[in-house]
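Colleague: Quick one: the structure is below, and I'll ask about it shortly.
The values are calculated or read from the model by the stated rules, or taken from the named source; none is laboratory data. Here the structure is a predicted model, which means the values were calculated and not measured. Virtual Cβ from ideal backbone geometry, glycine too; neighbours counted across all protein chains shown. With ligands, DNA and RNA removed, areas are computed over all heavy atoms of the protein, side chains included. Shrake-Rupley method; radii C 1.70, N 1.55, O 1.52, S 1.80 Å.
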Amino acid sequence: MVLIIGGAWQGKLDFAKETYSLAEEDVFTCQGVEIDFSRRCVDRLEEFTLACVQAEKDPVAYFVGREELCRNSILICGDISCGVVPMSAELRLWRNETGRLCQYLAKNAARVSRIFCGLEQRLK
Amino acid sequence: MTVFISGGAKSGKSGLAQDLAVRLADGGAHYYVATMIPVDEEDRDRIRRHVADRDGLGFQTVECGRDILSCLDRVDCNGSFLLDSATALLMNEMFHDGTVDEQAGERCARELAVFVQSVKNAVIVSDGIYCDAARYDEVTELYRKGLARVDRTLARVCDTVIEMAAGQQIIYKGGLPE
């Protein structure tokens, strides 16, 4: 498993496509609380965590027990950790849950990359 | 040498950029490309503070808040250029005359790439505005996307790419002169 994090518009998916030779059909773009692990790459995990928050589900618990499914996955999550604490409780929880998920995934990932202006910083 | 520097607010970007621009000039001409178009007293104060910061460093100021390539015929391209910041330049390009120019990010990225490739030494400063948990309105998101386009283009064409954090350098690409 590989985790790629970074701010909005930084080129995380472009980096993943180039580094891991992914085609468009290899990419699953998160929209709700379910993830299709049959695709090699799972993009926009921050949308998955937002959907989980809205559905009152635990995004980390979703991954527990699915280790086999995502053993070879390339997971991409937007870094939303650095702004002012959001006024909205939902966005506050979203921010926390996204951070918690990234920590969990990073611990279990073989490689963690942070993308800054299209360039990789290897964190693990 | 061309250097791209980004990072959070008050992380030491401008200080490093000034220092580098002077060192790269190696006694030759060094220019401060002033991108901010002041609209109020707060802006003018900010400019006065920055001017005071640069006092004694020998920069020649070139005012250019828009159309960045237009300043090249007023300067010696063998000199060293400090452009602080891409953020202000894009602001001026995108929000001109009370309208929103959706092509500004693309144009700004293209022009800045030509700019850094036209001069001997350049240090370009931008701002990291991409890591917060906010849902922005369409216009703000267009600006964020546009600046990211500028940043990624500069990160590709510049020799050295640095993120500043608490005055420390995280080097993503290239290196710095001794």
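Colleague: Under the definition of partner shielding as Cβ atoms of other protein chains within 10 Å of a residue Cβ, what is the mean value for peptide A:72-84?
Modeller: 2
Colleague: To check you understand DSSP bridge types, tell me what percent of the beta bridges within segment B:2-173 (both residues inside) are antiparallel, rounded to 5.
Modeller: Just about 20 percent of them are antiparallel.
Colleague: At a probe of 1.4 Å, how much accessible area disappears from chains B and A on forming the pair, both sides counted, to the nearest 100 Å²?
Modeller: Accessible area lost upon association: around 1900 Å².
Colleague: So how much accessible area does A:Glu18 have, in Å² to the nearest 10, using a 1.4 Å probe?
Modeller: The accessible area comes out at roughly 150 Å².
Colleague: Ignoring ligands and nucleic acids, what accessible area does A:Ile74 show with a 1.4 Å probe (Å², nearest 10)?
Modeller: That residue has around 10 Å² of solvent-accessible surface.
Colleague: Translational D (Stokes-Einstein, µm²/s) of the protein assembly as shown at 10 °C and 1.306 mPa s when Rh comes from the Kirkwood sum over C-alpha pairs?
Modeller: Details: Rh = 20.7 Å.
So the translational diffusion coefficient is about 77 µm²/s.
Colleague: Further, regarding this structure: Cysteines without a disulfide-compatible partner in the protein assembly as shown, using Cβ under 4.7 Å as the rule?
Modeller: Among the cysteines of the protein assembly as shown, those whose Cβ sits 4.7 Å or more from every other are A:Cys30, A:Cys41, A:Cys52, A:Cys70, A:Cys77, A:Cys102, A:Cys117, B:Cys77, B:Cys108, B:Cys158.
Colleague: Given contacts defined as C-alpha pairs under 8 Å and at least six residues apart, what's the relative contact order of segment B:87-178, whole-number percent?
Modeller: Once divided by the residue count of segment B:87-178, the mean separation gives 28 percent.
Colleague: A follow-up question, please. Please state the shape class of segment A:7-98: rounded when a/c is under 1.5, otherwise prolate if a/b exceeds b/c and oblate if not, all from the C-alpha gyration tensor.
Modeller: Note, shape of segment A:7-98 comes out oblate.
Colleague: May I pose another question? Under the Karplus relation 6.51 cos²θ - 1.76 cosθ + 1.60, θ = phi - 60°, what is the ordered set of whole-Hz ³J(HN,Hα) values for segment B:123-133, x standing for Gly and Pro?
Modeller: Karplus-based 3J(HN,Hα) across segment B:123-133 equals 10, 10, 10, 9, 10, x, 10, 10, 10, 10, 8 Hz.
Colleague: Considering every residue in A:106-119, what mean count of other chain Cβ atoms within 10 Å of its Cβ is obtained?
Modeller: For this peptide, the per-residue mean of nearby foreign Cβ atoms is 4.
Colleague: With a 1.4 Å probe and every protein chain kept in, tell me what percent of the accessible surface of segment B:58-178 is carbon plus sulfur.
Modeller: That fraction is 46 percent.
Colleague: For segment A:2-122, with every protein chain kept in place, what is the accessible area per residue (1.4 Å probe, Å²)? Write out the running numbers ahead of the final one.
Modeller: Values: 5990 Å² over 121 residues.
Here the per-residue accessible area is 50 Å².
Colleague: Tell me which lysines have Cα within less than 29 Å of B:Lys145's Cα, excluding those fewer than 8 residues away on the same chain?
Modeller: A:Lys12, A:Lys17, A:Lys124, B:Lys10, B:Lys13, B:Lys120, B:Lys173
Colleague: Let me ask something additional. How far is helix B:13-25 tilted, in degrees, relative to the longest principal axis of the Cα atoms in chain B, given as a value from 0 to 90 rounded to the nearest 10?
Modeller: Roughly 40 degrees, rounded to the nearest 10.
Colleague: What is the helix-to-structure angle for B:138-157, meaning the angle in degrees between its Cα long axis and the longest Cα principal axis of chain B, kept from 0 to 90 and rounded to the nearest 10?
Modeller: Rounded to the nearest ten degrees, it is 30.
Colleague: Using a Förster distance of 30 Å, how high is the FRET efficiency between A:Tyr104 and A:Glu24, based on the Cβ-Cβ distance and rounded to 0.05?
Modeller: 0.60
Colleague: Counting only DSSP beta bridges with both residues in the protein assembly as shown, tell me the antiparallel percent, nearest 5.
Modeller: About 20 percent, rounded to the nearest 5.
Colleague: Across segment B:48-56, in residue order, what do the Karplus-derived ³J(HN,Hα) couplings come to in whole Hz, using 6.51 cos²θ - 1.76 cosθ + 1.60 with θ = phi - 60° and x for Gly and Pro?
Modeller: Coupling constants for segment B:48-56: 4, 5, 5, 4, 5, 4, 8, 4, x Hz.
Colleague: At 7 Å along the Cα-to-beta-carbon direction for both A:Met87 and A:Arg66, put a label point, then send me their distance in nm to one decimal.
Modeller: About 3.4 nm separates the two model spin labels.
Colleague: Along the Cα-to-C-beta direction of A:Phe37, a point sits 7 Å from the Cα; which residues of segment A:68-102 have their amide N less than 18 Å from that point?
Modeller: What the label zone holds, given the 18 Å backbone N cut-off, is A:68-77, A:101-102.
Colleague: Could you grab the relative contact order for segment B:2-173? Cα pairs under 8 Å, six or more apart, rounded to a whole percent.
Modeller: Reported relative contact order: 36 percent.
Colleague: Then there is this: Using a 1.4 angstrom probe and counting only protein chains, how large is the accessible area of B:His30 in Å², to 10?
Modeller: Per-residue accessible area (B:His30): approximately 20 Å².
Colleague: Now for a different question. Just tell me how shielded B:121-131 is by partners: mean number of partner chain Cβ atoms within 10 Å of each residue's Cβ, no decimals.
Modeller: 3
Colleague: Mean separation of Cα pairs under 8 Å and 6+ residues apart, divided by the residue count of segment A:6-124: what relative contact order is that in percent?
Modeller: This gives 30 percent for segment A:6-124.
Colleague: To continue, here is another question. Work the Kirkwood hydrodynamic radius out for segment A:44-93: mean of 1/r over every pair of different alpha-carbon atoms, inverted, in Å. Before the final figure, lay out each step's value.
Modeller: On the way: mean 1/r = 0.0809 Å⁻¹.
By the Kirkwood definition, the hydrodynamic radius is 12.4 Å.
Colleague: State the percentage of accessible surface on segment A:2-122 attributable to carbon and sulfur atoms; use a 1.4 Å probe and exclude ligands, DNA and RNA.
Modeller: The C+S portion of the solvent-accessible surface of segment A:2-122 is 49 percent.
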